[in-house]
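Beneath this line is the structure, given in structure tokens, with notes to follow.
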Amino acid sequence: MGYGSILRDGCFAGEIHVVTGGGSGIGRCVAHELASLGAQVVIIGRRQEKLDRVLAEIAEDGGKAEAYAFDIRDEGAVKTAIAAIVGRHGRIHGLINNAGGQFPAPLAAISKKGFEAVVANNLTGGFLMMRETYLQSMQMHGGAIVNMAADMWRGMPGMAHSGAARAGMVNLTKSAAYEWAPAGVRVNCVAPGWIASSGMDTYDGSTRALIPQLGKHVPIGRIGSEAEVSGVICFLLSPAASFVTGITVPIDGGAPLGSALFPIGKGRGVAPFDGFHRATTPQVLSGDDA
């Protein structure tokens, strides 16, 4: 059984798509879907061993992928890697700025170093990837970029550093979409809510204890799947979205829409889209979390 994408077979055939944070979680899922649709995928991450596991999976499924291990916060490393990719393949058709990370902490307890590290992970690194991909490829050939934000529309208490960075990415997306449109470049963003991915297992303590309860706060009645994020990303990269640029698509089950004046009801909800044939349930959601 292969990836169950709703997009047509081969719709990215012959194209080069770069996925940051491709060694796990949503990035891994996006890499699989793109490869299943014919793309030559380039996954990027900091740990070679994680990237190698995804490369092996994609190869086993009959797809094409390669990997570059570096830190997207390193400007020199970004320039070198993009030059290598363009030198090898001629151009880059799509960039998925998925890499990021944060840690839970109240705002008053976040140090300057911690704040800057999270902003670098979730905003500055993405900017560097966008800029170099544009300068070295898309300025001449066009292309599509999809950035990653989050459900931060009502603030992000407990992760204010991440909320600030993600809000910055939404605005950066708009600016880039306007400035780069004459070169045939579309720039969009997705804002996932609570998604069942490996990233959930990186949290501990009180944050980890809350994760199994998150679905109760979503009108649709559950948390999302990686494939539900990947499907939107791949649509935004596709020719079907050729008149779509500068937007941010929330993928959150309606979680930000609630009000204490109108409590969430109980009902059937909406069944998940489980297109990713290699998806695994995070341990924190498996029911046997230690």
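Report the chymotrypsin sites (Phe, Trp or Tyr not before Pro) located in the stretch 143-250 that are in a DSSP loop and have at most 11 other Cβ atoms inside 10 Å of their Cβ, or state none. Could you put the intermediate results ahead of the total?
Values: sites: TRP153, TYR178, TRP180, TRP194, TYR203, PHE235, PHE243; in loops: TRP194, TYR203, PHE243.
Sites meeting the loop and neighbour criteria: PHE243.
Calculate the FRET efficiency for ALA13 and ARG222 from the Cβ-Cβ distance with a Förster distance of 35 Å, rounded to the nearest 0.05.
Working: r = 34 Å, r/R0 = 0.97.
After rounding to 0.05, the efficiency reads 0.55.
From least to most packed, judged by other beta carbons within 10 angstrom and beginning with the fewest, CYS189, CYS11 follow the order CYS11, CYS189. Stretching ARG47 away from LYS174 to a fully extended chain increases their span by 42.6 nm, per 0.36 nm per residue minus the current alpha-carbon distance. When semi-axes √(5λ) of the Cα gyration tensor in Å is computed from the coordinates, the matching label among (i) 29, 22, 19; (ii) 42, 20, 17; (iii) 25, 23, 20 is (i). Each label was represented as a point 7 Å from its Cα along the Cα-to-Cβ direction; for GLU66 and PHE243 these points are 3.7 nm apart.
Considering only DSSP beta bridges where both residues belong to the chain, give the percentage that are antiparallel (nearest 5). Don't skip to the end; give the middle numbers.
On the way: 1 of 33 bridges.
So the antiparallel bridges amount to about 5 percent of the total.
Taking amide H atoms as placed 1.01 Å from N in the peptide plane, the amide H of GLY224 lies under 5 Å from those of TRP194, ILE195, ALA196, each 5 or more residues away in sequence or on another chain. Taking each residue as 0.36 nm, the span from ALA56 to LEU257 lengthens on full extension beyond its C-alpha to C-alpha distance by 68.3 nm. Ordering ASP151, ASP204, ASP71 by the number of other Cβ atoms within 10 Å of each residue's own Cβ, fewest first, gives ASP204, ASP71, ASP151. Model label points for HIS141 and HIS277, set 7 angstrom from Cα along the Cα-to-Cβ axis, are 2.9 nm apart.
Read-outs throughout are calculated quantities, based only on the coordinates presented, and are distinct from any laboratory measurement. Quick caveat: nothing in here was measured; it's all calculated off a predicted structure. Because the Cβ atoms are built from the backbone with ideal geometry, glycine has one as well, and the counts that use them run over all protein chains shown.
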